[in-house]
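Attaching a single structure in C-alpha cells format; questions to follow.
The values are calculated or read from the model by the stated rules, or taken from the named source; none is laboratory data. Because the structure is a prediction, the values reported are computed rather than measured. Using ideal geometry, Cβ is built from the backbone for each residue, glycine included, and neighbour counts are taken over all protein chains shown. What goes into the accessible areas is simple: the full protein's heavy atoms, side chains included, and nothing from ligands, DNA or RNA. Shrake-Rupley method; radii C 1.70, N 1.55, O 1.52, S 1.80 Å.
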Amino acid sequence: MDARDAAARDGGERGDAEPFLAVRGSVARVRLWAGFAAFVAWINLLFCFEGLLRDQVAYGGGVIHDPLFLAATLAAALLLLASPRIGRSAVRRRAARRGVAESGDSGEAEGPARLSPRRLALWSVAGAVAGVAGVVLSAAVVQDAVPFRVAAMAAGLVAGAFIARFTLWWGAVVSAFDMREVLASLCFAFCVQWLPFIAVVFAGAVGKTVLAAALPLCSGWCLRGFEAAGDLPRKTQDSPLGRADVGKPSATGRIAGALFCFSFVIQFVWTFNVAMTSEPLDEGLFWAVFALVFGASFGIMGLVLALMNRWRMYRMELFYRSAFLFGIAGSCALGVAHEQLFFSYTVVYVAYALIVPTMWVLSWSVVFMQKEDPARVFGRIFGLQYLAFFCAFVVVKLVQASVGAAEAADLLPYFCLGSALVLTVAYVAVLPERTLFLLSPRLFELSHASLDERCRDIAAHYALTARETEIFALLARGRDVGYIEKELFISRNTVNTHRKNLYRKLGIHTQQELLSLIEETLA
C-alpha cells in the first residue's frame, strides 16, 4: 500500500470520529457568516435591478440605480486596485512619525486587529447613509431630472468607498482563519445573502430603508466583534506584508483575470436583459427567481461541501466547474431572453451566486500558499470584478444608444456566442484548473511554519543544496520560474538548472508531482 492509499485509509478512519470540515457552530463563525452575509447582500441589493433602487420612472430603476451603480462600481474598483499603494504609503507615514526607517516589510498592515472602533463605526454609518439615500431618492423621484442623477451619483461614490474598505477588512478576517474552520460558514453566508431579496419584493419604502441601513451596520458590528472578543486568529502575521508582487502573472493575476471575464459576461447579460427586452419580467415573479437562486446555490454548495467532507480533501475545482457551467448556460439563455426572461434571470443569478464565493476561497488560497498581502490579493481580484461590472454596463448602454432595442435583438445570437467564448477562454487559458491544483489545496492543512518545516525536511532527506532548497520551497507555494528569477536575483537559466537538478534528486518531473510528494507525507 503506497502513501496515498494509507492517507485515504487513515482519513476514512478519522472521518468517522472527526469531520474534515468544521461545521459546528461557534460565536466566531456565527459572527463571520452573519456579518459577511449582511455585507454581500447589501452590495447586491444596491447593484441588482430588482433590489432596493427600483423606481417607477424607468424600468430597472434607471434614474437612480444607473448613476449610483456606475459611481459605486468605479469608485470601488479604483480604490481596491490602489489599496496596496495606499497601504504602503500609510505604513511609511506611520514609520516616519515613529522615527523608524522606511521599510516595505515592516509587518504593519491595515486590518481588523489595528482597526479603531471609531473608524469602523464611521464607515458603517457611511454605508448605511449611502444605502438609505438611494432608497429615499428612488421613492421620491417622479421624473428623470439631472438633480436626481447627481444626488444618486454622490451616494454611489460613498457606497463605493464603503465597499472597498469593507472588502479589505473582511478579506483580512477571512484570511486569518483556517479554511477548514470557515469554508462552511462562507458558503452559508453566500446562500443566506439571497433571502433579503425575497423580502424586498414585499417590502415597501420603509422596509427597504430599514434593510439599507441595517445591513452595513450589522456587518460593521460583526466585524468589530472579532477584535473585541479576541476571536481573530493571527495567521497572516507570517506574510511579508507590503512586499511587491514581482514576476510573471501570478495566481492572483489569473484569478483576477478570470473574475473580470466572468463578471463582465454576467453584468452584460443582466443589463442586456433589462435594457433590450420589450417585455420585462413581471415584478410578481422576482421572489420566485431569488427563491430558486437560494435553493440552487444552497444545494450545489452543500453537495460540494459534503463531497469534500467525505473525501477529506479540498476540491475547489468543483465550485469552479459549477460556476462556469451555469455561466455558459446563462450566456446561451440570453438568446431566448425576450421569450423566457424568467429562465435567463435565474440561470445568470445562480452563476453569479457560485462564482463569487469561489473567488473568495481562491483569494484565501493565494494568501495562505504564496504568503501574499491580503490587501493586495483581495484588492486586485475584487477591484477587477467591480471594474468589469462598470465596463459591461457601459458597453450595453453604448449598444443601446447605437442600434436600439429592435436592432440589438437581431444581434442576440452573436452576443450569446461572444459571451460563451469569453467564459471559455477564461476557463481554458486565463485560469485553467491546473492553476488551481498548483495552489495545492491539500496543503491547506499545514500552517505556514509547518509547510516550511516540511520542505526543509524533504530537502534534507534528498540532500538538496541550499539554493535548491530555496527554489523547492518557492515551487511548493505554486511560484513559477519568472517569480523565482526575480525573487532570488538569479537568471532564468540558473533557475531552470536548479529546478532540473532537484527534480532529478526527488525523482519527479513536474511541479504538480512536487506538490504531491509533500502531500503524501501528510498521512
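Please state, rounded to one decimal and in Å, the Kirkwood hydrodynamic radius that segment 347-412 gives when every pair of distinct Cα atoms enters the mean of 1/r.
Kirkwood hydrodynamic radius for segment 347-412: 14.3 Å.
Once the cut-off is 28 Å, how many percent of the Cα-Cα pairs in segment 277-428 end up in the long-distance tail?
Taking all Cα-Cα pairs of segment 277-428, the fraction more than 28 Å apart is 30 percent.
Using alpha carbons only, how many angstrom separate the centre of segment 308-332 from the centre of segment 479-523?
Distance between centres, Cα-based: 29 Å.
Do any chymotrypsin sites (Phe, Trp or Tyr not before Pro) in segment 286-379 lie in a loop, going by DSSP, with at most 16 other beta-carbon atoms within 10 Å of their beta carbon, and if so which?
none
Still on this structure: Any idea of Met153's accessible area? Nearest 10 Å², probe 1.4 Å.
Roughly 100 Å² of Met153 is accessible to a 1.4 Å probe.
To continue, here is another question. Identify the chymotrypsin sites (Phe, Trp or Tyr not before Pro) of segment 460-498 meeting these criteria: DSSP loop state and at most 10 other C-beta atoms within 10 Å of the C-beta.
Phe489
Can I ask one more? Segment 147-194: D in µm²/s via Stokes-Einstein (Kirkwood Rh, Cα pairs, 37 °C, 0.692 mPa s)?
254 µm²/s
So how do His498, His461 rank on accessible area, 1.4 Å probe, biggest first, that is with the largest at the start?
Descending accessible area places them as His461, His498.
At 7 Å along the Cα-to-beta-carbon direction for both Ala401 and Phe202, put a label point, then send me their distance in nm to one decimal.
Here the answer is 4.1 nm between the modelled labels.
Another question about this same structure. So what are the ³J(HN,Hα) numbers for segment 168-174, from phi and the Karplus equation (6.51, -1.76, 1.60; θ = phi - 60°), rounded to whole Hz, Gly and Pro as x?
Once θ is set to phi - 60°, the couplings for segment 168-174 become 5, 5, 5, x, 5, 5, 4 Hz.
Given 0.36 nm per residue, what is the gain on full extension from Val394 to Val142 after removing their alpha carbon distance, in nm?
88.3 nm
Based solely on C-alpha atoms, express the radius of gyration and the Dmax of segment 360-502 in angstrom.
21.8, 71
Could you give me the ³J(HN,Hα) list for segment 141-146, computed from phi with Karplus coefficients 6.51, -1.76, 1.60 and θ = phi - 60°, whole Hz, x at Gly and Pro?
My calculation for segment 141-146 gives 5, 10, 7, 7, 10, 4 Hz in order.
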